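Worksheet for the structure shown next.
None of the figures in this text is laboratory data; all of them are computed from the coordinates on show. In this text the structure is predicted, and so the values were computed from the model without any measurement. So basically every Cβ, Gly included, is an ideal-geometry build from the backbone, and we count neighbours across all protein chains shown.
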């Protein structure tokens, strides 16, 4: 696609709310409103055969957790493996796929790290402050979102200002020398609505080297703590120029510092500084039947690694997108969406010391997508395709077909689609690990399932999924470079859930996920459990008191080099069970007390071989609203 023609066409068009559509509250057994499944505001029930989970602001609050990683750990279809405490490197696996196959969005801003080795999403510094909801879309959606969305999308949507102004300030503290301060304000003044948040999290942490693993560390050895600091600022602004024209702006900035260890080895003096900035500006013009959006997004990420105060390497990643989306509704039961996008991605990696090196590369791509949504009687159908032209790998067409059938209290769902992922700049051009012969990964997948509403208090469902990945890119230890895996890598399994509200004050949400992974030679992929169970319970003791529990059982997982209790290499991490409890008490109309206990039974477990996890820990805080 000619870049000049592309930009001229977009410059003549105006814009729609798209992924910044107005947030909607969730009620039990209600029809949650989502934007991620179709890039338009829809109820999950009307979003075709999409498999979507919504984690609301209330559920985030009930969890008591401070990071997105901790909040999503118990979600159906998701596995998280973190290399130590807060701020350390973690991987999020969606439906058993590699972390690099999941696209992270923050208010619709593509937020995977362009300077990461595999352009994977970085959740390590994402706090829950000012978040309205988290939408998790499972399955291949490259036709909507392009590269990196071959396994699905996690979209973090921040809070929006309302007509009633308000402000809050809070303080929390607890185990591992943890202290957190946070505050915010939201409201509307004239044509401007706003939502602002700021937080500061500091913890002494614990050693990421697994000091409880006797096969790694001798008895009696002391370990230094790996501290972590995080400062996050966020804002969302809407300027209503006319009743049908809106200018939306989203800003988020995070500065973080973490001490880290080598695998299984306690190291003093290793630190990582991080800065991340993301922004989106979108102009919306709503002249029905056409809603039109012109947007510009920026994602900047910076990492610097130090050893004893001396910088050893730096990574700068930058990505911007300029695009247009038009949603045309000629009839109440049909919406056609068209989108154009120009994306530019660059990275700069500089290594210092005895073998200095510099990597400075960029790549651009242009794309157009078409989507059609039909709602006819009992049937919903979402289908579409995307044409993308990458200046390095040429053109690629992806598509998706997702029908559903709504029969009373039963919804039957199906989807089929393909995906692709272009190699990262680091995979291609790293002076040490790069391989310029790499080609794009391709994939195809489908799922089929149902949701059954038994009554106003009981709901359950299940989905079978299957994904096949060809030309998968992985690190080859024999050549110490990234390489294409010959053959097909498969992931398949079942996702199931049940919701029960026996009385108005009590709510249970349980899920079970079975995931099987298989590389071309028949081996399981690392750190992905076959079996996983999650259970959340919330009891509103009174109008002022609430208690919540979060139970997780994670089955055994493969991990190279892992040993059992007798020191025998099994290449398998043992199963574990966790119980977290949180609660709150409304002391006055404006003062709320809260607390939580994580890992109540002080379970020893590993998400990654040779890396520690937190033991029993307790936290308490107070929040004042104005």
Residue 222-residue 560 pseudo-label distance in nm [points 7 Å out on the Cα-to-Cβ vector]: 3.5
Spin-label pair residue 625/residue 167, simplified geometry with 7 Å Cα→Cβ offset, distance in nm: 1.6
Kirkwood Rh in Å, taken over the range 474-626 so that all alpha-carbon pairs contribute: 18.8
Ratio Rg/Rh [Cα only; Rh per Kirkwood] for the range 374-507: 1.15
Fewest-first ranking of 102, 603, using other Cβ atoms within 10 Å as the exposure measure: 603, 102
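What FRET efficiency do you get for residue 265 and residue 521 if R0 is 35 Å and r is their Cβ-Cβ distance, rounded to the nearest 0.05?
After rounding, the FRET efficiency stands at 0.70.
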Dimensions in Å of the range 264-333 - Rg and Dmax from alpha carbons: 21.7, 65
Theoretical FRET efficiency, 1/(1+(r/R0)^6), r = Cβ-Cβ of residue 374 and residue 503, R0 45 Å, to 0.05: 0.70
Expected 222 nm ellipticity per residue - DSSP helices of 4 or more, -39500 (n - 2.57), all of the chain, to 500: -1000 deg cm²/dmol
Projected area, mean over directions - the chain, Cα convex hull, nm²: 27.3
Gained length - residue 330 relative to residue 312, 0.36 nm times residue gap less alpha-carbon distance: 0.7 nm
Spin-label pair residue 298/residue 387, simplified geometry with 7 Å Cα→Cβ offset, distance in nm: 3.2
Burial ordering of 518, 345, fewest other beta-carbon atoms within 10 Å first: 518, 345
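To the nearest 0.05, what FRET efficiency results for residue 589 and residue 287 with a Förster distance of 60 Å applied to their C-beta separation?
0.90
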Net length gained if the chain between residue 571 and residue 456 were fully extended (0.36 nm per residue, minus Cα distance): 36.8 nm
